[in-house]
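Input: a single structure, listed below in structure tokens.
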């Protein structure tokens, strides 16, 4: 420990992060340009991974998604107390 600071890697950081000056606080969200990049790459990645799958694998994936949606719907309906 160095006078209220602790050494972590190559940087010194205050021991109590609540008392850090605003300019030193960590970002809670990524910059807009970074978010846009990953949104674009995520859209591409889904199409690429689907193209590499066989018809049976795509079908299984779709079936799992549908079952998950219906399970969510049924749970919400059961929670509200209404029965068919």
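The values are calculated or read from the model by the stated rules, or taken from the named source; none is laboratory data. What you are looking at is a predicted structure, and each value in this text was computed from that prediction instead of being measured. Ideal geometry is used to build each Cβ from the backbone, glycine not excepted, and the neighbour counts take in all protein chains shown.
Miscellaneous remarks
- Lone qualifier among 9, 62, 4, 81 - being modelled with pLDDT under 90 and surrounded by 10 or more Cβ atoms within 10 Å (Cβ to Cβ): 4
- Residue pairs meeting the criteria (Cβ under 9 Å; at least 6 apart or on separate chains; first at negative phi and surrounded by 10 or more Cβ atoms within 10 Å (Cβ to Cβ), in segment 33-56; second modelled with pLDDT under 85 and in a loop (DSSP other than H, G, I, E, B)): 35/29; 38/30
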